[in-house]
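Worksheet: the structure to be examined is printed underneath.
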Amino acid sequence: MISYRGAPSWFITFAPADVKHLLCLYFADNKETFSPELRCPKEARRLIANNSVAGARFFHTMVQLFIKYVLGVGTNHRGIYGDTSAYYGTVEQQGRCEVLPHETEGKCPRKGGECLV
């Protein structure tokens, strides 16, 4: 990305907490309708540990929402860091097989973002 767009303006790490998020608990459960239900931490961890697809769906959803609403890519508004000309993200696996995203973002005068992955 540096040779194509220049040095990134931001390096961002965010950690979506799957065992505490109602959307991930909904993905992990077998209920068809979304009705927020608080669970004890032990039950929440067990539910998500037994359904790795739910964790992956939640992670994908959170990253897509971050790119759209925080970076402003694919929208008609600026991101909270300004106009995004490019972004690049990597993930790292944590101890219990959850992933942690790391993003870099570049700026340029024109609107829109281009994924360089």
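The values are calculated or read from the model by the stated rules, or taken from the named source; none is laboratory data. Since we're looking at a predicted model, the values are computed, not measured. Counting neighbours? That spans all protein chains shown, and the Cβs are built from the backbone with ideal geometry, glycine included.
Numbers for the structure displayed
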quantity	calculated
Positions within region 13-48 being loosely packed, with under 14 Cβ neighbours inside 10 Å and of a type in the set (Gly, Ala, Ser), in sequence order	Ala15, Ala17, Ser35
Residues within region 9-53 that are hydroxyl-bearing (Ser, Thr, Tyr), in contact (Cβ under 8 Å) with a residue 12 or more places away in the chain and not in a strand (DSSP E or B), tallied	2
Filtered residue count, region 75-94, keeping only those that are loosely packed, with under 12 Cβ neighbours inside 10 Å and either at pLDDT 90 or above or more than 13 Å from the chain's Cα centre (by Cα) (or both)	5
Tally of residues being over 30 Å from Tyr87 (Cβ atoms) and among the small types (Gly, Ala, Ser) across region 1-55	3
Search result, residues across region 21-47 that are at pLDDT below 85, under 23 Å from Val63 (Cβ atoms) and not aromatic (Phe, Trp, Tyr)	Pro36
Of all residues in region 44-78 being of a type in the set (D, E, K, R) and in contact with a helix residue (DSSP H, G or I) (Cβ under 7 Å, 6 or more places away or on another chain), the one that is nearest to Phe27 (Cα to Cα)	Arg57
Which listed residue is within 23 Å of Phe14 (Cα to Cα), out of contact with any strand residue (DSSP E or B) (no Cβ under 9 Å at 6 or more places or on another chain) and among the β-branched types (Val, Ile, Thr), from Ile67, Ile48	Ile48
